[in-house]
Amino acid sequence: MFTINIDKFSELDCINIENKAQGIELQIIHGFGAIINKFIVNNSPFSFIQGYQSGQELKDTNPFFSRSAKLFPFVNRLNNGCYHYQNSEYQLPANFPWSDQHAVHGLLYDQAFKIVEQQANADFAQVRVCFESKHLHEGFPFSIKLEIDYKIEADGQLTCHTDIVNTGLKTFPFADGFHPYFNLGQPLQNCLIQIPSCQHLETTDDLPNGQVQQFTQFVNATSLADITLNDCYQFSDNTNRAEAVKIELSCQNKKSSISYWQNDAINDGYRFIQLYTPSDEDSIAIEPMTSPADAFNNKISLQELNPRESISLVWGCQASYLAELSPAKY
């Protein structure tokens with residue numbers, strides 16, 4: 001049976017979901033960016049999603065890392081924090097000073113969400129959180145309602161469903177994404193990755209330059225040993241694509257794995273992904289995005305919402321952990 005408890009992570013509001021029979025724990029810090037901070041399956045001695053040890057660490061390392069935060073209204077980086085839209089110039093906070101004063105990771109990574117719905121039974125637990133604003137920022141002066149639905153099932157499948165509504169009178173541009181860092185409880189050099197054929201976006205000074213190349217390096221399961229990633233990929237330019245994009249992450253000893261998916265068929269959804277391997281920890285960020293970095297300026301797959309329009313986006317993952325077997329007794 002699943003249970004849902006509203007608790008504190010340091011001084012921040014959080015949601016703790018448990019199923020003791022299945023060894024499942026899911027923690028969402030809805031008081032700060034709706035961050036997924038813990039994801040344990042089958043009593044795994046590690047969290048499949050890399051999180052934070054304290055509220056202070058969370059605050060001190062954002063927005064630079066923004067592990068597992070919701071990214072909106074832009075993803076990744078915005079060149080110098082400025083953009084032009086419908087005959088107006090806008091400026092957003094330049095909060096990435098060691099990278100040409102870019103703005104990073106949107107405007108919601110530290111915002112408090114409120115719980116609007118929850119349910120738990122023997123099969124799953126589901127929590128919906130909401131953020132609303134009539135004037136999100138001077139650099140993004142539009143009215144929005146954004147809801148995230150987190151669902152965890154007894155088999156270890158986690159689904160994150162986002163609904164965005166334009167509640168104002170003006171059309172606005174946007175890009176949406178998530179920023180989860182995945183961990184398999186093993187050094188990354190002992191892990192394998194497999195992704196379908198896609199297009200790799202070339203960059204200049206870490207921003208897409210409009211050039212793409214076919215990418216097939218990870219079509220077969222490939223070791224992550226000696227591989228450093230900070231790259232964006234496009235999986236389809238077909239908005240009618242019926243099947244979800246799938247990425248497999250596994251460790252060589254076969255004890256743990258993540259089967260990740262994102263659906264680009266729902267209202268032209270997550271068609272891009274950013275892969276990033278931090279230099280100081282054994283995790284890999286697999287970041288679903290509707291557009292690549294700096295979409296407000298380069299216009300690559302930049303989306304718009306008209307007044308009262310909405311969009312639905314979804315990604316999920318199946319976590320698996322093979323616990324140690326007890327030795328047979330004779």
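The values are calculated or read from the model by the stated rules, or taken from the named source; none is laboratory data. These numbers come from a predicted model, not from an experiment. Counting neighbours? That spans all protein chains shown, and the Cβs are built from the backbone with ideal geometry, glycine included. Accessible surface areas use protein heavy atoms only, side chains included; no ligands, DNA or RNA. Shrake-Rupley method; radii C 1.70, N 1.55, O 1.52, S 1.80 Å.
What to note about this one:
- Pair Val219, Ala21: separation of 7 Å Cα→Cβ label points (nm): 4.5
- With Cα atoms as the point set, the radius of gyration and Dmax of region 1-66 evaluate to 12.0, 37 Å.
- Rounded if a/c under 1.5, otherwise prolate or oblate - region 61-149, Cα gyration tensor axes: oblate
- Among the GluC sites (Glu not before Pro) in region 58-146, those located in a DSSP loop and surrounded by at most 14 other Cβ atoms within 10 Å of their own Cβ are Glu138.
- Under 17 Å from Lys255, Cα to Cα: aspartates and glutamates that are on another chain or at least 8 residues apart: Asp155, Asp282, Glu324
- Length gained when the stretch Ala112-Ser312 is fully extended (0.36 nm per residue, less Cα-Cα span): 69.9 nm
- Label-to-label distance, Asn87 versus Asn253, with points set 7 angstrom from Cα along the beta-carbon direction: 6.5 nm.
- With protein chains left intact and a 1.4 Å probe, residues in the chain average 43 Å² of accessible area per residue.
- Whole-percent P(r), the chain, all Cα pairs, 20 Å bins from 0: 32, 60, 8, 0.
- Lysine pairs meeting the criterion (Cα under 21 Å, 8 or more apart or interchain), as found in region 131-254: 5
- In percent, rounded to a whole number, the relative contact order of the chain is 17, using alpha-carbon pairs under 8 Å and six or more apart.
- The chain, helix-only ellipticity at 222 nm - DSSP H runs n ≥ 4, -39,500 (n - 2.57), divided by all residues, nearest 500: -500 deg cm²/dmol
- Accessible carbon and sulfur surface of the chain relative to its total accessible area, %, 1.4 Å: 44
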